[in-house]
Amino acid sequence: MEKCPGCLTDLNVVKNGLNKDQKQNYLCKSCKKQFIDRRALVYRKFSGNTTLISKIIKMLERGCSVRDIEYIEQVPRSVILRIIERFNLKINLKQQVYKSIQIDEMWSYVGRKRNKKWFIYALSPETGEILACVVGKRDTKTVKKLYDKIISLKVVIEEFCTDNWSAFSKVFSNCCHKIGKQFTRMIEGVNCLFRHRISRFVRKTCCFSKKLKNHINAIMIVIDSINKGNAWAK
């Protein structure tokens, strides 16, 4: 008889019908868990379990993969993916005037390595917050989307600092634009933080999202942590 993955005993485990794939379903009379082929079907009310949801989000912030969380917390993968899908971030800016913002890009992929997605974002070195970001192709059109997002924030930005990529020069040509790695040192450090916190950004990684929405929301979870000042905690 199968052992219960909850209480690790087979004393009170009985057969409990077949699932839709015609696989044997088991019921543990001790802890009331049902499971199929050693995989627990955890019957918790996840939507109302704010403690568990908060814990999963914190683990995602700290770089834990979906499979790691599934193993540690004994939570179905579908539940973790649902939490990622439903994560909604609203960026609340800390001030109305910024002396400068630094802009840089990082690449990753969704589904397959040939399907590259570039993450381009704007960081304030004064407050350490991320003001806006976009995910898309590495072209002028994507940079323009970021610029439009920044303008829609209705804040005063005195200067934009980027590297010498031509798309930045085209989009920010009408602004006070500083070009050079010496002006983007802080954002390069944040890029390193992203690689520590999101395995999708690690060079030569095998970790990726199958859905673009999950990819973006996984990034947003870490951005929320950065803006709250939690990402730098050891």
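The values are calculated or read from the model by the stated rules, or taken from the named source; none is laboratory data. It should be emphasised that the depicted structure is a prediction, and the values quoted were computed from it without experimental measurement. Neighbour counts run over all protein chains shown; Cβ positions are idealised from the backbone, glycine included.
Please work out which residue is surrounded by the fewest Cβ atoms within 10 Å (Cβ to Cβ), limiting yourself to region 1-35 and to residues that are of a type in the set (A, V, I, L, M, F, W, C) and at pLDDT 75 or above. Walk me through it before giving the result.
Initially, region 1-35 is screened for residues of a type in the set (A, V, I, L, M, F, W, C), giving 1, 4, 7-8, 11, 13-14, 18, 27-28, 31, 35.
Next cut, at pLDDT 75 or above only: 11, 13-14, 18, 27-28, 31, 35.
Numbers: LEU11: 11, VAL13: 19, VAL14: 9, LEU18: 11, LEU27: 17, CYS28: 24, CYS31: 14, PHE35: 20.
Filtering region 1-35 for residues that are of a type in the set (A, V, I, L, M, F, W, C) and at pLDDT 75 or above, the one surrounded by the fewest Cβ atoms within 10 Å (Cβ to Cβ) comes out as VAL14.
Restricting attention to region 106-129, the residues that are at pLDDT 95 or above and either closer than 22 Å to LYS211 by Cβ or in contact with a His (Cβ under 7 Å, 6 or more places away or on another chain) (or both) total 3. Flag set for ASP139, criterion: more than 18 Å from the chain's Cα centre (by Cα), closer than 25 Å to VAL202 by Cβ and either surrounded by fewer than 14 Cβ atoms within 10 Å (Cβ to Cβ) or modelled with pLDDT of 95 or more (or both). Selection of region 190-212 for residues being surrounded by 13 or more Cβ atoms within 10 Å (Cβ to Cβ) and not in a loop (DSSP other than H, G, I, E, B) yields VAL190, ASN191, LEU193, PHE194, ARG195, HIS196, ARG197, SER199, ARG200, PHE201, SER209, LEU212. Within region 81-116, the set of residues being assigned to a loop (DSSP other than H, G, I, E, B) and of a type in the set (A, V, I, L, M) comprises LEU89, ILE91, LEU93. Scanning region 175-189 for residues being assigned to a strand (DSSP E or B) and without any contact (Cβ under 8 Å) to a residue 24 or more places away in the chain gives a total of 2.
Out of curiosity, is GLU159 surrounded by 12 or more Cβ atoms within 10 Å (Cβ to Cβ), in contact with a Ser or Thr (Cβ under 7 Å, 6 or more places away or on another chain) and either among the aromatic types (Phe, Trp, Tyr) or assigned by TED's automatic domain parsing to the domain that holds ASP139 (or both)? Full working, then the answer.
On the way: surrounded by 12 or more Cβ atoms within 10 Å (Cβ to Cβ): yes; in contact with a Ser or Thr (Cβ under 7 Å, 6 or more places away or on another chain): yes; either among the aromatic types (Phe, Trp, Tyr) or assigned by TED's automatic domain parsing to the domain that holds ASP139 (or both): yes.
So GLU159 passes the test.
Scanning region 144-162 for residues that are part of a helix (DSSP H, G or I), out of contact with any Cys (no Cβ under 8 Å at 6 or more places or on another chain) and touching a residue at least 40 places away in the same chain (Cβ under 8 Å) yields a single hit, ILE150.
Of all residues being among the small types (Gly, Ala, Ser) and closer than 24 Å to THR205 by Cβ in region 48-83, which is modelled with the lowest pLDDT? Just the residue, please. Can you show your working first?
Filtering region 48-83 for residues among the small types (Gly, Ala, Ser) gives 48, 54, 63, 65, 78.
The next check asks that each one be closer than 24 Å to THR205 by Cβ; those that pass are 63, 65, 78.
Details: GLY63: 85, SER65: 87, SER78: 82.
Out of the qualifying residues, it is SER78.
If we keep just the residues of region 213-234 that are under 22 Å from ILE91 (Cα atoms) and modelled with pLDDT under 85, which is surrounded by the most Cβ atoms within 10 Å (Cβ to Cβ)?
Narrowing region 213-234 to residues under 22 Å from ILE91 (Cα atoms): 213-233.
Checking which are modelled with pLDDT under 85 leaves us with 229-233.
Details: GLY229: 11, ASN230: 13, ALA231: 19, TRP232: 10, ALA233: 8.
The selected residue is ALA231.
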